[in-house]
Amino acid sequence: MTPPQTPSQEWSWPDLLTDALKSGLSVDEFWQMTPRETGLAFEAAKWRFERERRHLAWLAWHIAAMIRSRRLPSLRRLIGMPVAQKLTEDEAASRAREHAEMIERMRNRGNV
């Protein structure tokens, strides 16, 4: 629904409300907004929907590309997860102490 372009055109409030609900606004939000704010909310919703459409197209393309691939990359490589670094003995001992202290604090509060 687009706002009236000429003075002779009238607003169709039910159509505007329907469009507002489709764009994610609540009924209360719609009635509290000015027509200008409503138009801006519609533009923002249009942008979000277009961004989602492009994301889904990107996802579909990559899924299809992987189906054609002879060998899939590891999930870690695909999503760019760094390889975990092995802790030194001092770091491991420090983390174990921190963990024991957290458990003790939780016990004192009655959370465990």
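Coordinate-derived values only; no laboratory data. Here the structure is a predicted model, which is why all the values come from computation and not from measurement. Cβ sites come from the backbone with ideal geometry, for glycine too, and all protein chains shown count toward neighbours.
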Separation in nanometres of the label points that stand 7 Å from Cα toward Cβ, at F49 and R36: 2.5
Gyration tensor verdict on region 13-69 (Cα atoms; rounded if a/c is under 1.5, prolate if a/b is larger than b/c, oblate otherwise): prolate
Ranked packing of 61-68, 82-89, most packed first, by mean Cβ within 10 Å: 61-68, 82-89
Residue order, fewest to most beta carbons within 10 Å, for R48, R109: R109, R48
Relative contact order of the chain, defined on C-alpha pairs under 8 angstrom at six or more residues apart (%): 12
Surrounding net charge for W47, when Lys and Arg each add one and Asp and Glu each subtract one, Cβ distance under 14 Å: +2
The chain: projected area of the alpha-carbon convex hull, averaged over directions, in nm²: 15.7
Paramagnetic reach from R109 in region 64-101 [backbone N under 17 Å; point 7 Å along Cα→Cβ]: 98-101
